[in-house]
Every structure is written in C-alpha cells, then in structure tokens.
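A short reminder: the numbers here are calculations on the coordinates, not readings from a lab. This is a predicted model, so every value here is computed, not measured. Cβ placement follows ideal geometry from the backbone for every residue including glycine, while neighbour counts extend to all protein chains displayed.
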2 protein chains.
Amino acid sequence: MISKRINEMMETSSFIRKMFETGSELKAKYGAENVFDFSLGNPHALPPENFNSVLLEKAADKTRHAYMPNAGYPDVRQKVAEFASTEQQKVLSGDNVVMTSGAGGALNAVLKTLLNPGDTVIASTPCFMEYKFYCDNHGGSLVLVPGKKDFNIDVENIEGAITEKTAAVIINSPNNPSGRVYPEETIIALGRMLKKKSSEIGRTVYLISDEPYRKIVYDGITVPPVLKHYNNAIICTSYSKDLSIPGERIGYAAVNPDAEDYDNLINGIILCNRILGYVNAPALMQRTIAELQGVSVDINLYKKKRDMLAGGLKEMGYEFRIPEGTFYLLVKAPGGDDMKMVDLLLQEKILTVPGRGFGVPEYFRIAFCVDENVIPGAMDGFRRAAEKAGML
Amino acid sequence: MISKRINEMMETSSFIRKMFETGSELKAKYGAENVFDFSLGNPHALPPENFNSVLLEKAADKTRHAYMPNAGYPDVRQKVAEFASTEQQKVLSGDNVVMTSGAGGALNAVLKTLLNPGDTVIASTPCFMEYKFYCDNHGGSLVLVPGKKDFNIDVENIEGAITEKTAAVIINSPNNPSGRVYPEETIIALGRMLKKKSSEIGRTVYLISDEPYRKIVYDGITVPPVLKHYNNAIICTSYSKDLSIPGERIGYAAVNPDAEDYDNLINGIILCNRILGYVNAPALMQRTIAELQGVSVDINLYKKKRDMLAGGLKEMGYEFRIPEGTFYLLVKAPGGDDMKMVDLLLQEKILTVPGRGFGVPEYFRIAFCVDENVIPGAMDGFRRAAEKAGML
C-alpha cells in the first residue's frame, strides 16, 4: 500500500536494522555494560561547558521562539559567516549562509536546488552512504568512484566519472568512515579539474563539501579551505560533532559568493529549506551556536581513545591507517570479507559496521566515540576474533 | 545552472516575495509601527509560563543532546500517544507516534512514504498551499477540489476526484485560512466514503489530518476526532501554534494502529524522517513538549483579537464567516478580485494575503495573531480601502 520505492529501501536496508536488532538483543540478554557498541557515530563527549551556559541564557528569553526568515536569523547568519570566512579563507557575508537542520538538512536543500531528473552526483569511496538516499530524494542518483589506497580522493577517477548529467561532486573531509583529511593540494587539484571539466561539458559542476568533522582533528592538523580553491563550491556542515549536540539538528549551508548563478543558487536553497518542510533551523539552537563559533569539545578526549584503540589493535595484527580526524577507524577485514569479520566480532559482543555500508566491503568501521570502559573492555574480544580470523 | 523546477518555482512564487519585499520597504520607509502586518501566521502570544520553566529545567541536563532513535525518545512518544489518544478517541501507544520537525516535517515524511510517481493527493479549498510543494517533493501532485460555501469540505467533491492514482486526502481542521472546524458528521461521512472508494478502486486511500490548530478554538468548540472515524488515517501536527514556538520545529505524526499495511507505514515514516535529512526531531524540544501535553497559550487573547477585528470589519461592510478556530479571518474581496483588494489595503500600509494563495481568489486572508495596537491602528485604513472598493 505504501510507496514501492520506500518498501524496497526498507528491504535493502534491513541488514542494518538486523545489526541494530542483534545489538539490542545482546544488550537485553547480557546487560548493556557487557556489550561493546562501536556501531554509532553518536559523539560521546559532553557538550563544552559554555554550550550549556549559553543555552540556558538564550532559553531564558521567552520572546524568541517564533518564525524568523527561512534562511535563519540575520545576526546568526552574520556570526556564522564571519567564522566560516576564516575557515574557508574566503570573505563571506551573512547573506551567503542558510541555517539548516544539521548537515543532513543542508545537503537535502542543496541537492534539491541543484538536481534535475536523471542527474548524477559523484562521491569517492569510502563515503557516508546516506548521500545515496539524499540524491534519490530529489530525482538524482549517486555515482561512486574508488578513492586511493590511502583513502585520499582520486581526482582522475572523479574526472573520469563526470558526464553532462553531473550536477555535483560531494566530498567529506575529515571523512566518515576513514578519518582521512584530504590534503590542500588535492583540493586545489580537484577545483582545477572541476573548472576545466565544467567548461568542457558546458555545465557547472558544483562541489559540495560536507564537513561536520572539520574541528575533530588530531596531531595539529588543519583541514584545508574549500571555498578558497573553487568558486562553484557549497559548504554543508553542522555543530553536531564539535559541540556534541547531534540530536538538536543545527547546521548550515554556505555558498561561495563567486559561484555561477549565485542568486538563484542561494535563493533556491532558502526556498528548498522551506518547501522540504524544514521551514527554518530550530530557533533556540540558532541563537545558541551563534555565540559558540570556533568552540568545540575537548578533542584530546577523542585522541586518547583513538590512540588506545589503535595501539591495541595494531598489536593484534589488525591493519589500518591512523585517522587524522573524526572518531572512526576503518580497519581491513581479514580475507577482505567485512560481513564475516563483523560477525566474528558480534560473537564477542562487539558491534561494528561492515564496510559495504560505505562502499568498501573489504573493511569494517569502528566508531570510537564510546564510554571510558568500552575500548579496554573490548580488547580481549578483538583478540579472540583476530585469532578466529587466522590473523594471529 | 540550478534545477529547472526550482527555478520555475521561484518565478511563480515571486508574487509572494514581492508582497514580502513591499512590506519590508514600507516598514523601512514609514517605521514598522506604522505598517499593519496581517500577512503571517506567526503566533504573537508568548509561550505559556510553564513552557519556559520546563524548557529551562530540561536545558539544565547536559547529557541529553545526542542522537536518539529516528522516531524520537520512547518516553516522549509514549506521553504524546497518551494525550493524542484522548483527542483522537482511539487508543494509541508510543509505537504509533513519530516525533518530527513540526507538521511540515511530518507531512513530508508521510507523503514520501505513501507516494508513487504520478500519484495524486486531494485537498479541499481553501487550503494551505504548501501542500502543493510537499506533494511535488515526492513525485506526486496536489488535486484541489472546491469546498462548500461555508468552508466545510464537500465529501462528494472529494469522492468525485478519487481515481486509482489517489494515494491520500489531506484535511486541515481548524483550517488555515478559513478558521473552519469541520463538524464530526462530516468527518464520519468522509471516513465512510474513503472506505467505500478504497474498496471500489482496490487501493487504500489514506486520510492525512493536518491539525496544528486543534487547540486554537473558540466559543467552547471541540475539534472532532479523526482516528476514531477512519482506520487508514494519519495525524500530522505540531506544537507551533498551541505553545507559540513555530521557530523550534517540533511536532509529530501518529498512525492509526488499525491502518492497512500498518508496519510498513510506520516504519516507512521513520525511515523517511531519517533519509529526508531530518534524522530526528530536535532533542531538547522533544523532552520539553513531553511535559506539556494539553497545555496551550491563552486562547482568550486570540478570541479578543478575533472579535475586535470581526466587529470592526463587519460594520464597514466586509463579508466573512466568523472563524471557529485558528487566528485567520478569510474575507470576501469586493468584486471577487483578491489582488485588487490586497493592493488597496497595501496603499493603507495594511499587509494581507490574496486568496489565490489558498485556492480561493475571491477572498483575502487576515492573520490576526498580531500585536495589541495593530488591529485598532489598521481600522481607518480598512475603512478607506472599503470606500475605495465601493463597499461604503
């Protein structure tokens, strides 16, 4: 009775639900403290102290829960633009920013604005697979091209996939699930290639930079700017990870003021933010994040977990590249079989996500945004699974 | 460069933007206090006192800003279900409820779940025209049928519009823009007709009841239940109007547990809530409204404004039906020309919305959720416009 497409989606996404259900069963049976859940990118760190004080201060004002313009409060957009100008090394004004319901809201408003029926959007694996749904929502489809062995994007591969149907390329750096930060020379090369190809095919190929993990980076790394290196670029991001508030749904889209068809682009995003039913980003959270530009959780907390996890797993023979950002570790599945490895770990009450969920079935993902005791508690299980997999 | 469809939408919706811009110009030129803005359904009443105390209490808990299940917190869903059970005279459990980003978010998740490409959704005029976009978002289209002279829906007209392509009928009571509350016998007749037609065409025609104004009613009226009278019905609603918090984007969808294809329907709505990029309804607002079931702003405040406005306009010869709910008054445009009347009022610095924005070009809408001084201040202008229109 319901939409055929949604019915199919529920069937094909059932393995994720099965994973989730198995996890819930394990927790019910053995107690949540005896199950080691590395499956969700749900930031564990508490929001920074000043998030709470600003939130309480803003919540005390009873007069500000009404509608505002669909793009958000003008003063909030201005503050967001000022900070983003530094990150992107490009002067932005509040007019270039649309406040959204998280990065998911921003991506959907942007994709709806750009896509004609049958258009394609290119992403490089490994990548966040919700993009597939987001493109499909608006009559387009996602085309996956393999990234490099070191999880950097392969600009030539992307170039090879561009056709007259290509509306956009999506990148995600720091990357979920690999933790890779794409180097500045790669962004420069990508921008050059997109400019050249756009002119070749007679159609602007926009670059969508999905960057909610920009502040979650380690070892003194800085995430290079994107708007500086390509005019037809749009940032989609959120405060979910850096402020540890993913349930609150607050983020933004920022459009390069030098983009082609700029007026239609920004007004289209504002219109789509409205007609997709978002209407506007949640009011109280807009007013709160405005005062917290540049603030983030204690990154050191995640760094310690990364190092503890990576150190332990390395000893056992697991193979991976140390992530430069995010709270994910993408690990090679012994024998290249992600489902088998995820299953072996499940027998140890360890929940992880098979790499096929990110377009790389020879890997599995460990989300290390977990409670204090989860990593040490899981180490024996990781070792036993490695033994069973024949690694030791 | 952007999507053709979005480009067209921006062009066709430009008259609304022009209205908005004219309003902004007038305010800039004459001062906001000298412009009488009746154009927006932005509730003026402050949120009830206990909204603020509950919000502050919930905001003090630093640990609850993370992701929760896409359908919302289980305890919130349970509390919402309990209250909705009373309103709908149908026993609901938390499992039947999906927390959403306002009614707009609920409608989009529900329509995406139901619609196959080319499907239609029927609505009765006058109605909220965003439905058109919401259907279009998901490959469907809105079919408008005229309501009765007294703004009640015409069940026979709806029946006549049902084809094998019909996925759903949307009703909105209390109605924006007419303020009409559809009587219980109409809902009963609608349910019977939909059951009969569904069996005739061999396809379940779902009933979507969009009811964010359920608590904004006057003169002791109660809005009749919908789930009680039709099994294949879904409620979409929000706390925007009754708590005066439309900027916060909090609402829900509730599915009749006796609906056909129930499991796919509820799971589809949860999936669509996720993949449309909403992910989940804002966390803090979920936890807040859970404690405020049945609470609403002081309705008497709106009743006073309704009576003041209606009393004044009646004397001047304006024709309308007294609204039983909402904060809208739908007034006949002299000569049946909404644009002309709206323009005459604009000359008096009075902003209203032409009826064609709701499918009834012979009317114009006055939103009376305005500041204390706006109604008295506008009375002379309304009188002069009536004179110019030849009513006096």
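Report the local net charge at B:Asn273: Lys and Arg +1, Asp and Glu -1, summed over other residues whose C-beta lies under 12 Å from its C-beta.
Details: positive: A:Arg249, B:Lys112, B:Arg274; negative: none.
The answer is +3.
Tell me the chymotrypsin sites (Phe, Trp or Tyr not before Pro) within the range B:124-168 that lie in a loop according to DSSP and have at most 10 other beta-carbon atoms within 10 Å.
Hits after loop and neighbour filter: nothing returned.
Mind telling me which of A:Glu211, A:Glu25, A:Glu82 comes out most flexible in a GNM of chain A, alpha-carbon contacts under 10 Å?
A:Glu25
Give, as a single signed number, the net charge of other residues whose beta carbon lies under 13 Å from the beta carbon of B:Leu346, with Lys and Arg counted +1 and Asp and Glu -1.
Local charge sum for B:Leu346: +1.
Using a Förster radius of 60 Å, what is the FRET efficiency between B:Glu11 and A:Ala32 based on their Cβ-Cβ separation? Nearest 0.05, please. Don't skip to the answer; put the middle values down first.
Values: r = 55 Å, r/R0 = 0.91.
So, using R0 = 60 Å, E works out to roughly 0.65.
What is the Rg over Rh value, at two decimals, for the protein assembly as shown, using alpha-carbon atoms and the Kirkwood definition of Rh?
Rg divided by Rh gives 0.98.
Taking θ as phi - 60°, what are the ³J(HN,Hα) couplings along the range B:34-42 by the Karplus curve (6.51, -1.76, 1.60), each to the nearest whole Hz, with x for Gly and Pro?
For the range B:34-42, the Karplus-derived couplings read 9, 10, 10, 9, 10, 8, 10, x, 9 Hz, x marking Gly and Pro.
Determine the relative contact order of the range B:1-107: mean sequence separation of Cα pairs under 8 Å and six or more apart, normalised by residue count, in whole percent.
Details: 45 pairs, mean separation 15.6, N = 107.
Result for the range B:1-107 is 15 percent.
Tell me which residues come under 5 Å, amide H to amide H, from B:Thr166 once H is placed; ignore anything under 5 positions away on its chain.
B:Thr120
Inside 10 Å of the C-beta atoms of A:268-276, what's the mean count of C-beta atoms belonging to other chains?
For peptide A:268-276, the averaged partner shielding equals 5.
Remind me, relative contact order of chain A in percent, using alpha carbon pairs under 8 angstrom and six or more residues apart?
This gives 23 percent for chain A.
Going from the alpha-carbon gyration tensor of the range B:295-371, what semi-axes, largest first and in whole Å, does one get by taking the root of 5 times each eigenvalue? Please report the intermediate quantities before stating the final value.
Numbers: eigenvalues 99, 34, 29 Å².
Here the semi-axes work out to 22, 13, 12 Å.
Would you mind getting me the FRET efficiency between A:Glu49 and B:Asn50? Use the beta-carbon distance for r and R0 = 25 Å, nearest 0.05.
Step by step, r from the Cβ atoms, then E = 0.35.
Return the loop-located GluC sites (Glu not before Pro) in the range A:232-292 (DSSP other than H, G, I, E, B) with at most 15 other Cβ atoms within 10 Å of their own Cβ; answer none if there are none. Mind dumping the intermediate values first?
Working: sites: A:Glu248, A:Glu260, A:Glu291; in loops: A:Glu260.
Within the range A:232-292, the qualifying GluC sites (Glu not before Pro) (loop, at most 15 other Cβ atoms within 10 Å) are A:Glu260.
If amide H atoms are built 1.01 Å from N in the plane of the peptide, which residues on other chains or at least 5 residues away come under 5 Å of the amide H of B:Leu351?
Here the answer is B:Phe36, B:Asp37, B:Phe38, since their amide H atoms fall under 5 Å of that of B:Leu351.
Relative to a virtual label point 7 Å from the Cα of A:Ile201 in the Cα→beta-carbon direction, which members of the range A:142-174 show backbone nitrogen distances below 17 Å?
It comes to A:142-146, A:154-171, nothing else.
Please give the net charge around B:Cys135, taking every other residue with its beta carbon less than 11 angstrom from that of B:Cys135, where Lys and Arg add +1 and Asp and Glu add -1.
-1
Return a whole-number percent for the relative contact order of the range A:221-339, with Cα pairs under 8 Å and 6 or more residues apart as the contact set.
Relative contact order, the range A:221-339: 18 percent.
Give me, ordered by chain and number, the residues 5 or more places off B:Tyr252 or on other chains with an amide H under 5 Å from its own placed amide H.
Those lying under 5 Å, H to H, from B:Tyr252 are B:Thr100, B:Thr237, B:Ser238.
Which distance in nm do the two modelled labels at B:Ile221 and B:Ala161 give, with both placed 7 Å along the Cα-to-Cβ direction?
That separation, rounded to one decimal, is 2.1 nm.
When every alpha-carbon pair in the range B:307-350 is counted, what percent end up more than 15 Å apart? Walk me through the intermediate numbers first.
On the way: 455 of 946 pairs.
Every Cα pair in the range B:307-350 considered, those over 15 Å come to 48 percent.
For a label point 7 angstrom out from the Cα of A:Gln89 toward its Cβ, which stretches of the range A:189-208 have the backbone nitrogen within less than 12 Å?
It comes to A:189, nothing else.
Go ahead and estimate [θ] at 222 nm for chain B from helices alone: -39,500 (n - 2.57) per DSSP H run with n ≥ 4, summed, over the residue count, rounded to 500.
Taking each H run of at least 4 residues, the total per residue is -13000 deg cm²/dmol.
Longer than 27 Å from Cα to Cα, which of A:Lys62/B:Lys215; B:Lys112/B:Lys149; A:Lys29/B:Lys90; A:Lys112/B:Lys340 are they? Say none if no pair is.
Correct reply: B:Lys112/B:Lys149; A:Lys29/B:Lys90; A:Lys112/B:Lys340.
Could you tell me which trypsin sites (Lys or Arg not before Pro) in the range A:129-178 are loop residues by DSSP with no more than 10 other beta carbons within 10 angstrom of their beta carbon?
Counting only loop positions with at most 10 other Cβ atoms within 10 Å, the trypsin sites (Lys or Arg not before Pro) in the range A:129-178 are A:Lys149.
Can you report the principal axis dimensions of chain B using only the alpha carbons, biggest first, rounded to whole angstrom?
Over chain B, Cα extents along the principal axes are 59, 54, 53 Å.
Highest first, please rank the peptides B:167-175, B:119-127 by the mean number of other Cβ atoms sitting within 10 Å of their residues. Walk me through the numbers on the way to the answer.
Details: B:167-175: 25.9, B:119-127: 23.7.
Descending mean neighbour count gives B:167-175, B:119-127.
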